[in-house]
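Q: Submitted below is the structure of interest, expressed as structure tokens.
The values are calculated or read from the model by the stated rules, or taken from the named source; none is laboratory data. Keep in mind the model is a prediction, meaning the values are calculated, not measured. Note that each Cβ is placed from the backbone with ideal geometry, even for glycine, and that neighbours are counted across all protein chains shown. Areas reflect the complete protein model, heavy atoms only, side chains present, ligands, DNA and RNA absent. Shrake-Rupley method; radii C 1.70, N 1.55, O 1.52, S 1.80 Å.
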Amino acid sequence: RKPAFPGFYQIVQVSDQQVLDFLFELRKKGQGELLAGFMTKELPSKLADGDADSGSPPMTPSGTRGTPSGQNQAQSLRRDAGRVTSAAELEQVGTVLSLVNLTQYPNISGGQVVIMPQKRVRRTKVIGEPAPHIPLATVGVEYIPEPEVPADNNAVKALQAEVIATMRDLLKTSFVYKEQFEQVIKFYDLENPVKLADLVSGMSLAKREDLQAILEETDLQERLRKVLLVVKKDYEFAKLQSHVKSQVEEKVSKEQRRIMLMEQMKHIKKELGIEKDDKQSLIMQFQEAIKDKTLTEEARKAIDTELAKLGTLEPSSSEFNVCRTYLEWLTCLPWGKVDPENKDIVKAESILNEDHYGLEDVKERILEHIAVSFLKESVQGKIMCLTSIGKSIARALDRKFYRFSVGGMHD
């Protein structure tokens, strides 16, 4: 996915089992000690840019011996771009890779390959294309000599110094770069501009095309200029990332501090009796609403039962809202307030006739119902479904007219 720069061990994740088996077979035959690694010209469509290897750093300098530690493995894991069908899909310039170790995943296909990039090479010819049983191409290559370091070239020295200065600024800004840099700097000589360019390029998160251009560049001054450009971009990106991170952390910190202080203030007020929680405040409101009302024994018992029930329910539960709605209805009723009724049947009849023409049977039935309720001193009886004449009945009895739902009908 990205070019490998000379000088550092890499761990490459190979997902194609056939490729891994082929490498194992080469090792059994005493072959495959050296491979040529080339970046694909195009990133395969199945691999999104966000999923591509994001410039995973080199792991261990070539001057050290032995396999990398487990910690470094996790930090240096790269993924291959998958099998290609033709060598034409690969860049011309790549790196000779020394095959250090092969590891098969225990439960899934694929594995890890530990390699050490050594020198730049250019592909000169294709000897054999990949085939069904041979997943890798066979190519002829020529080594690309490293540029000589001029003894007193001020331009190279200036570029080298600027790269080092920018890299140090980058290390102060990004913890990721700092951790990677500390792993390799003790094995590395920053006074060598060629090695410096490979080190910085291997750690860079720049675009694959920019890194490939650095790998291909043979002029030392131009190579350092390209390296300086990518490390400047990395530095600007790290600064932006650090700025955004600090803003988010500051905002989260302020919000957490505000929430914590609000909780503390709420707890203090509750301890001092200055403020109750939402549920207690709601119960107190209901108690206040019925304080000056004359409730019947049945109504008092129902309200007390519902208030006790409300105190045990969680505000987030649906039953809490049902109980609350019922209490709102109970406490808003005009308990103990009674208007004097009209018990004059003649007056009631005149009001009904005044409001509605005709409907003699209906009005006669209403007057009978009113007369019986006067004699029995009770309003119990059959339910009557009425329309606008209900308002006239209220006027006839000098009562206030209310309309409310009783489960499907309107009374």
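Q: When you scan region 203-217, how many residues do you find that are within 23 Å of residue 168 (Cβ to Cβ), assigned to a helix (DSSP H, G or I) and not β-branched (Val, Ile, Thr)?
A: The number of residues fulfilling the criteria is 3.
Q: If you check 291, 232, which single one turns out to be surrounded by 14 or more Cβ atoms within 10 Å (Cβ to Cβ) and of a type in the set (D, E, K, R)?
A: 232
Q: In addition: Does residue 58 satisfy the condition of being at pLDDT below 50 and either within 20 Å of residue 121 (Cα to Cα) or in a strand (DSSP E or B) (or both)?
A: For residue 58, the condition - at pLDDT below 50 and either within 20 Å of residue 121 (Cα to Cα) or in a strand (DSSP E or B) (or both) - is met.
Q: From 81, 151, grab the single residue that is touching a Pro at 6+ places or on another chain (Cβ under 8 Å) and either closer than 22 Å to residue 43 by Cα or open to solvent by 70 Å² or more (accessible area, probe 1.4 Å) (or both). Step through it out loud before you land on a result.
A: Values: 151 fails: touching a Pro at 6+ places or on another chain (Cβ under 8 Å).
Within the list 81, 151, the selection yields 81.
Q: Which pairs have Cβ atoms under 9 Å, sit 6 or more apart or on different chains, and link a residue in region 240-268 that is open to solvent by less than 100 Å² (accessible area, probe 1.4 Å) to one that is part of a helix (DSSP H, G or I) and not hydrophobic (A, V, I, L, M, F, W, C)?
A: Qualifying pairs under 9 Å: 242/173.
Q: Quick one: in region 301-320, of everything that is of a type in the set (A, V, I, L, M) and at pLDDT below 80, which residue is farthest from the chain's Cα centre (by Cα)?
A: Per the criteria, the residue is 310.
Q: If only one of 137, 158 is in contact (Cβ under 8 Å) with a residue 12 or more places away in the chain and surrounded by 12 or more Cβ atoms within 10 Å (Cβ to Cβ), which one is it?
A: 137
Q: Still on this structure: Any residue that is assigned to a helix (DSSP H, G or I), touching an Asp or Glu at 6+ places or on another chain (Cβ under 8 Å) and at pLDDT below 80 - is there at least one of those in region 219-228?
A: No, that holds for no residue.
Q: For residue 143, work out the one condition from (1) open to solvent by less than 70 Å² (accessible area, probe 1.4 Å); (2) free of Cβ contacts under 8 Å to residues at least 60 places away in the same chain; (3) not basic (Lys, Arg) it doesn't fulfil.
A: Exception for residue 143: condition (1).
Q: Name the residue that is nearest to the chain's Cα centre (by Cα), counting only residues in region 349-395 that are at pLDDT below 70 and of a type in the set (Gly, Ala, Ser).
A: Step by step, filter region 349-395, then rank; the result is 388.
Q: Which residues, taken from region 301-332, are out of contact with any helix residue (DSSP H, G or I) (no Cβ under 8 Å at 6 or more places or on another chain), over 11 Å from residue 286 (Cα atoms) and either of a type in the set (Asp, Glu) or in contact (Cβ under 8 Å) with a residue 24 or more places away in the chain (or both)?
A: Listed by number, the list holds a single entry, 319.
Q: On to the next question. Within the bounds of region 317-325, is there any residue that is within 29 Å of residue 373 (Cα to Cα) and either open to solvent by 60 Å² or more (accessible area, probe 1.4 Å) or of a type in the set (S, T, N, Q) (or both)?
A: no
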